[in-house]
Amino acid sequence: MTNVHENILGLIGNTPMVRLNRVTSNIPANVFAKLESSNPGHSTKDRIALHIIEAAEKKGLLKSGSTIIETTSGNTGFSIAMVSIIKGYKCVLSVSDKTKPEKIAYLKALGATVYVCPANVAADDPRSYYEVAKRLATEIPNSIYINQYFNELNIDAHYQTTGPEIWEQTDGKITHLFACTGTGGTLSGSSKFLKEKNPDIKIIGVDADGSVLKTFHETGKLDKSEIHSYQIEGLGKNLIPGALLFDRIDEFVRVNDETSAYRTREIALKEAIMGGYTTGAVVQALLQYAQNHSLTDKDVIVLIFPDHGSRYISKVYSDDWMAQQGFSNNCVHNYEEVFKT
Ligand code: PMP
């Protein structure tokens, strides 16, 4: 039998890359998207869930019926829930109240116990999803806390898999890698691998308007005055994640809710790729970057598309939601107009 796996976990990783032909056609470079939605849990987080849980198994920290705990905006939760089912663990998650009800229903359908916590409180507030997860990890016996923001294995998962895949898929020709940074694991681990192969590869992080990562990279200071709420899930932070290797990143580009939303919809309409909200963010970041960096047809640019658009149907793919945000009504069908201004 060929291409048959023992269980769903055998499908994690080795995600495809596809050339972008239209949304970045104003840029002379070759631009490829790495489609992490092709993972069985539909996001890049499958890689870290499997890697971290298997590392804990190797250390003897888990036995049948153990509990895996994590704080997550959604994607990591789907992945941990999936791995937990196959391996026989319980999954307990704390999520922010920015998370859409259908995401929470999805997590519950995969057997997870879900705690919904307020998004707009400080990370060290006892009500925050970080603190709730920490507390549960001390209260639930026989449990491990994945702690993706401060777990080096998050970086290692991408050092072991995403980085080498990108190198092989581009035949070592990659010149630029762009990825949205939440925990920073995807970009840090991929960068670590790729810069070992070729230190000249430019590594560009994408940060959100309202997050502290870009300024921290540039000044070494956490500027709390920059923190404000925003809509893009999974991108940026109000704290400095330990899984972000700032010295492996050359530059950050900051994007906002509105242009990232338009780009997400544009990618669906022009490339027929239904990506999540950060798919639009990473394309938007490349277009902003191209305004003040000269790119040529020798450049091979890889963008990580972290997850699937099916998770955002009532958000960025909803015209009503776009209108509620105050985003221009006709934007979805008239990009030329929107981006002229
Ligand atoms: N996009 C989405 C939709 C995500 O859920 C995440 C993870 N928070 C990211 C991008 C960023 O990935 P990382 O945590 O590896 O930086």
Next on the checklist: Pairs please, first residue from segment 43-54 and small (Gly, Ala, Ser), second anywhere and assigned to a helix (DSSP H, G or I), Cβ atoms under 6 Å, 6+ apart in sequence or on different chains.
Outcome noted: Ser43/Glu36; Ser43/Asn75; Ala49/Ser79; Ala49/Ile80; Ala49/Val83
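What residue, of Gly276, Gly309, Gly234, is in contact with a His (Cβ under 8 Å, 6 or more places away or on another chain) and buried (at least 21 other Cβ atoms within 10 Å of the Cβ)?
Numbers: Gly309 fails: in contact with a His (Cβ under 8 Å, 6 or more places away or on another chain); Gly234 fails: in contact with a His (Cβ under 8 Å, 6 or more places away or on another chain).
One residue alone meets the criteria, Gly276.
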Checklist outcome for this item: When restricted to Leu177, Leu244, the only residue touching a residue at least 60 places away in the same chain (Cβ under 8 Å), outside any loop (DSSP other than H, G, I, E, B) and surrounded by 17 or more Cβ atoms within 10 Å (Cβ to Cβ) is Leu177
Item to check | Every pair of residues 6+ apart whose Cβ atoms lie under 8 Å, when the first sits in segment 297-314 and is under 17 Å from His176 (Cα atoms) and of a type in the set (A, V, I, L, M, F, W, C) while the second is within 11 Å of the ligand (Cβ to nearest atom) and assigned to a loop (DSSP other than H, G, I, E, B) | outcome: Ile304/Thr44; Phe305/Gly276
Checklist entry - If you take the residues of segment 54-106 that are in contact with a Leu (Cβ under 7 Å, 6 or more places away or on another chain) and more than 27 Å from Ala122 (Cβ to Cβ), which of them is surrounded by the most Cβ atoms within 10 Å (Cβ to Cβ)? => result Ala81
Checklist entry - Of all residues in segment 183-195, which are at pLDDT 95 or above and either more than 8 Å from the ligand (Cβ to nearest atom) or of a type outside the set (A, V, I, L, M) (or both)? => result Gly184, Gly185, Thr186, Ser188, Gly189, Ser190, Ser191, Lys192, Phe193, Leu194, Lys195
Checklist entry - Going through segment 147-162 one residue at a time, which ones are surrounded by 20 or more Cβ atoms within 10 Å (Cβ to Cβ) and under 27 Å from Asp209 (Cα atoms)? => result Asn147, Gln148, Tyr149, Asn151, Asn154, Ile155, His158, Thr162
Item to check | Val302 within 16 Å of the ligand (Cβ to nearest atom) and farther than 29 Å from Asp319 by Cβ | outcome: yes
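Considering only residues that are assigned to a helix (DSSP H, G or I) and out of contact with any strand residue (DSSP E or B) (no Cβ under 9 Å at 6 or more places or on another chain), which ones fall in segment 88-120? Outline the logic, then answer.
Keep residues of segment 88-120 that are assigned to a helix (DSSP H, G or I), which gives 101-109.
Within segment 88-120, Pro101, Glu102, Ala105, Tyr106, Ala109 meet the criteria.
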Checklist entry - In segment 47-82, which residues are in contact with a Phe, Trp or Tyr (Cβ under 8 Å, 6 or more places away or on another chain) and assigned to a helix (DSSP H, G or I)? => result Ile53, Phe78
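When the residues of segment 111-137 are narrowed to those that are closer than 19 Å to Ile52 by Cα and out of contact with any helix residue (DSSP H, G or I) (no Cβ under 6 Å at 6 or more places or on another chain), which ends up modelled with the lowest pLDDT?
Within segment 111-137, the subset closer than 19 Å to Ile52 by Cα is 112, 130, 133-134, 136-137.
Subsequent filtering for residues that are out of contact with any helix residue (DSSP H, G or I) (no Cβ under 6 Å at 6 or more places or on another chain) retains 130, 133-134, 136-137.
Values: Tyr130: 87, Ala133: 93, Lys134: 93, Leu136: 95, Ala137: 94.
Looking at residues that are closer than 19 Å to Ile52 by Cα and out of contact with any helix residue (DSSP H, G or I) (no Cβ under 6 Å at 6 or more places or on another chain), I get Tyr130.
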Checklist entry - With (1) modelled with pLDDT of 95 or more; (2) part of a helix (DSSP H, G or I) as the list, and Asp297 as the residue in question, which single condition is left unmet? => result (2)
Next on the checklist: Considering only residues that are in a helix (DSSP H, G or I), in contact with a Ser or Thr (Cβ under 8 Å, 6 or more places away or on another chain) and more than 14 Å from the ligand (Cβ to nearest atom), which ones fall in segment 211-235?
Outcome noted: Glu226
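Taking segment 15-39 as the search range and keeping residues that are within 16 Å of the ligand (Cβ to nearest atom) and without any contact (Cβ under 8 Å) to a residue 60 or more places away in the chain, which one is nearest to Gly309 (Cα to Cα)? Break it down stepwise before answering.
Of segment 15-39, the ones within 16 Å of the ligand (Cβ to nearest atom) are 15, 33-39.
Next, from what is left, pick out any that are without any contact (Cβ under 8 Å) to a residue 60 or more places away in the chain: 38-39.
Numbers: Ser38: 12, Asn39: 13 Å.
Step by step, filter segment 15-39, then rank; the result is Ser38.
If you go through segment 72-93 one residue at a time, how many are within 19 Å of Ala105 (Cβ to Cβ) and under 20 Å from the mean Cα position of the chain (by Cα)?
12
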Checklist entry - Residue check, Arg254 against (1) within 16 Å of the chain's Cα centre (by Cα); (2) in a loop (DSSP other than H, G, I, E, B), all met but one. Which one? => result (2)
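Would you say Ala323 is touching a residue at least 40 places away in the same chain (Cβ under 8 Å), surrounded by fewer than 23 Cβ atoms within 10 Å (Cβ to Cβ) and out of contact with any Leu (no Cβ under 8 Å at 6 or more places or on another chain)? Write out each step before concluding.
Numbers: touching a residue at least 40 places away in the same chain (Cβ under 8 Å): no; surrounded by fewer than 23 Cβ atoms within 10 Å (Cβ to Cβ): yes; out of contact with any Leu (no Cβ under 8 Å at 6 or more places or on another chain): yes.
Here the answer is no, as Ala323 does not meet what is asked.
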Next on the checklist: Against the condition of a type in the set (Ser, Thr, Tyr), within 16 Å of the chain's Cα centre (by Cα) and under 22 Å from Ile155 (Cβ atoms), how does Ser260 come out, does it pass?
Outcome noted: no
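The values are calculated or read from the model by the stated rules, or taken from the named source; none is laboratory data. Predicted, not measured: the structure shown is a model, and the values here were computed from it. Methodologically, a virtual Cβ is constructed for each residue, glycine included, from the backbone with ideal geometry; neighbour enumeration extends over all protein chains shown.
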